[in-house]
Every structure is written in C-alpha cells, then in structure tokens.
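Written out below as structure tokens is the structure these notes cover.
The values are calculated or read from the model by the stated rules, or taken from the named source; none is laboratory data. Values in this document were obtained by computation on a predicted structure and should not be read as measured data. Counting neighbours? That spans all protein chains shown, and the Cβs are built from the backbone with ideal geometry, glycine included. Ligands, DNA and RNA are excluded from the accessible area calculation, which covers all protein heavy atoms including side chains. Shrake-Rupley method; radii C 1.70, N 1.55, O 1.52, S 1.80 Å.
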Amino acid sequence: MREFSQHPSPHGGDPTSAVWTGRATNRFQWLAAVAGAACMALGITIAVESPWTSGIAALLMAVIGCVAAGLLVLFGTLAFVHVAVKVDDRAMEVRCGHMGLPRRRIPLAQVVGADFAPSVTPRQWGGWGYRWRPEKGTAVIVRRGEGLVLRLGDGLTFTVTVDDAESAVRVIRDRLHRPAPPVPPAATGV
C-alpha cells in the first residue's frame, strides 16, 4: 500500500510537502505466533494438570521452559508481522509490528543514496526480523520481495522490505537533491 499525503509546511518555502508511507505484511508469521501461544498453553497445562510426582525441579523446568519459549516465539513473531515505513522531508522512519517496536528513524542527512531491490530474501540476511550483518548493515525483513536499500554515510546500508519500494526510492532521491527545510528554534520556556 502506498500513500502520499499533502499537508502545509510549517517551515515556509514549499507550501505542501508529500509524506510517503508504505507497508509490508507477512501473514505466515501468524502461524508462528499461534505455535508460540500453543507452547505457552502447554506450559500452563503442565503446571495445572501435573501430578507433581517427578519432582518439583523437573516440573518447574518444563513449565518455565514452555512458557518462556512460547513468549519468545509469540512476541518475536508478532513484532514482525508487518512493517510501516514513512518518508518525510527530514527522515525515513520504520516501525515494526502492532506496537511500532522496534523503531528506527534515519535522518536523510545521513543518507547518501537510495536503491530499489527487486528481490530481498530472508536468506540474504539470515532470517526474518530485525537483522544486522557487520559487512552489510541493518535490515528489517518481514517477507521476501521488493525492498528499499538506503546507502548511509558510514558505508553501510539499511534495507527494508516494503510494498511499492520503487516509489519510495524516487521520493527519497528527490529529497536528497533538495535542501532540507530549516529546523524551527527550540522553545526556551521563558
């Protein structure tokens, strides 16, 4: 999904400023979330229905192991069911999952270029989720498919899978060739 919204610029100059927003979703992650919930339910069932004959230590390890593994899988997958990307005059912001966490904001002043990647796969980054590889940079991978690759001033990249990444690249390239709007002075509180 791609969306441009026009709004008055509080910084003067161009009276309107386009904000590009995009999303990507991976419905397969819901299956992993269900598996995490099932693992938690197993741990609770063991705690409630166990005859406690094999010793308290073994029971506690089984219950805590199932519940902890279930929570990790459940919250780890729900955080990456979808990603939302927003590009405005100053930065690109990426928010993951329903709570918007993890979140990453990259000022366009730190970006030296933007490229369209027609095929980004989890295998390239070592899996789904928020990934880091020292030789490449950072990525948010929620599904395979098209993506946006920012080339950063430190020589690394930031990659995100998002629908209609090609239009995001055009918007970012346009922003990189325009001077950034001035930052309003901070209120002094006096």
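Share of the stretch 78-136's accessible area from carbon and sulfur, percent, 1.4 Å? Could you put the intermediate results ahead of the total?
Working: 1750 of 3120 Å².
For the stretch 78-136, the apolar C and S fraction of the accessible surface comes to 56 percent.
Taking θ as phi - 60°, what are the ³J(HN,Hα) couplings along the stretch 90-95 by the Karplus curve (6.51, -1.76, 1.60), each to the nearest whole Hz, with x for Gly and Pro?
10, 7, 10, 10, 10, 10
What order do 135, 49 take when sorted by accessible area (1.4 Å probe), most exposed first?
49, 135
Tell me which label goes with the value of Rg/Rh (Cα atoms, Kirkwood Rh) computed from the coordinates here: (i) 0.98; (ii) 1.14; (iii) 1.44.
Comparing each candidate, only (ii) matches the computed number.
Residue separation times 0.36 nm, minus the C-alpha to C-alpha distance between residue 144 and residue 49: what's the value?
30.0 nm
Helix-only estimate, please: 222 nm mean residue ellipticity of the chain, summing -39500 (n - 2.57) across DSSP H runs of length 4 or more and dividing by its residues, to the nearest 500.
-10500 deg cm²/dmol
Note down the nm distance, to one decimal, between modelled labels 7 Å out along Cα→Cβ at residue 152 and at residue 27.
Calculated label separation equals 3.4 nm.
Give me the number: length gained by fully extending residue 121 to residue 187, i.e. 0.36 nm times residue separation minus the C-alpha to C-alpha distance, one decimal in nm. Show your work: numbers first, answer last.
Working: separation 66, 0.36 × 66 = 23.76 nm, distance 4.55 nm.
Residue separation times 0.36 nm, minus the Cα-Cα distance, leaves 19.2 nm.
Using mean Cβ contacts within 10 Å as the protection proxy, how do 73-85, 25-37 order, highest first?
Final packing ranking: 73-85, 25-37.
With a Förster radius of 25 Å, plug the Cβ-Cβ distance of residue 93 and residue 41 into 1/(1 + (r/R0)^6) and report the FRET value to the nearest 0.05.
For residue 93 and residue 41, the calculated efficiency is 0.10.
Could you list which residues have their amide H under 5 Å from that of residue 113, counting only those 5 or more apart in sequence or on another chain, with H placed in the peptide plane?
151
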